[in-house]
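In what follows, a structure is listed as structure tokens, so that the remarks can point back to it.
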Amino acid sequence: MEKQIRLGLDIDGTVTCPTTFIPYLNKHFNKNITLNDITQYDFTVLLDISTDQFWEWMNEHEPIIYANAKMASYFTDALKRWKDLHHFTYISARGNHLLDVTKNWFHSNAIPYHHIELLGQHNKLEAIKKNKIDIFFEDKHDNACDIAEECNIPVILMDTPYNRDPIPGQVIRVKDWKEAADWVNQWK
């Protein structure tokens with residue numbers, strides 16, 4: 001029997017498709033942004049708006065965006081392979097006020113989970129330690145680097161145009177969930 005691995009997973013841009021926000025941003029701000037245009041995690045520069053304006057928009061639109069998010073390519077294939085083998089803890093920067101929306105999305109998409117933790121911030125270090133995560137999946141570059149170094153665990157970084165800065169050795173860049181699953185399945 002395979003050893004059960006405690007998998008920690010970010011949600012937005014990792015489990016969900018990294019293009020999730022783009023149609024909403026384009027419509028509201030009258031833009032024509034593509035994923036390749038997003039070369040940094042901060043949307044305010046690209047949209048030419050203030051941080052306050054961005055968060056006002058986010059607070060209004062988050063529930064509908066999260067309720068209708070598309071899953072990242074091959075994510076369900078990876079989960080099918082791991083469903084009965086591993087432990088799934090989702091740790092997200094989403095605010096806890098979005099827990100019902102998040103759980104409803106998980107249920108409607110038949111995504112297994114053992115625990116969901118919505119932190120309301122990007123610092124996930126304490127949650128990862130508390131949940132004894134063995135491998136973490138992330139799309140935010142600085143989070144991936146901090147987690148790998150502080151928690152001394154491998155971090156799978158889902159490749160996107162906004163996270164292509166250099167990475168330390170314990171961060172493994174993958175193009176999709178097929179590559180992520182292959183890496184995990186070979187990890188011992």
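The values are calculated or read from the model by the stated rules, or taken from the named source; none is laboratory data. Small disclaimer: the values here were computed from a predicted structure and weren't measured. Backbone-built Cβ (ideal geometry, glycine too); neighbour counts: all protein chains shown.
Which members of region 64-93 meet the condition of being hydroxyl-bearing (Ser, Thr, Tyr) and crowded, with 19+ Cβ neighbours inside 10 Å?
Selection gives TYR66, THR89, TYR90, SER92.
Return the residues of region 141-177 that are in a helix (DSSP H, G or I) and touching a helix residue (DSSP H, G or I) at 6+ places or on another chain (Cβ under 7 Å); say none if nothing qualifies. Steps first, answer last, please.
Step one: of region 141-177, the residues in a helix (DSSP H, G or I) are 141-151, 161-163, 177.
Once the filter is applied, which keeps residues that are in a helix (DSSP H, G or I) and touching a helix residue (DSSP H, G or I) at 6+ places or on another chain (Cβ under 7 Å), region 141-177 yields HIS141, ASP146, ILE147, GLU150, CYS151, PRO161, ASN163, TRP177.
Given the structure, is LEU99 out of contact with any Pro (no Cβ under 8 Å at 6 or more places or on another chain), part of a helix (DSSP H, G or I), in contact (Cβ under 8 Å) with a residue 12 or more places away in the chain and of a type in the set (A, V, I, L, M)?
yes
Picking from THR16, THR51, which residue would you name as being within 21 Å of HIS97 (Cβ to Cβ) and crowded, with 19+ Cβ neighbours inside 10 Å?
THR16
Any residue in region 156-178 that's assigned by TED's automatic domain parsing to the domain that holds THR39: show its pairings with residues that are exposed (fewer than 15 other Cβ atoms within 10 Å of the Cβ) and part of a strand (DSSP E or B) at Cβ separation under 8 Å, as long as the two are six or more apart or on different chains.
none
Just wondering, is there one or more residues in region 68-91 that are touching a His at 6+ places or on another chain (Cβ under 9 Å), aliphatic (A, V, I, L, M) and in contact (Cβ under 8 Å) with a residue 60 or more places away in the chain?
Within region 68-91 (the criterion being touching a His at 6+ places or on another chain (Cβ under 9 Å), aliphatic (A, V, I, L, M) and in contact (Cβ under 8 Å) with a residue 60 or more places away in the chain), the answer is yes, since at least one residue qualifies.
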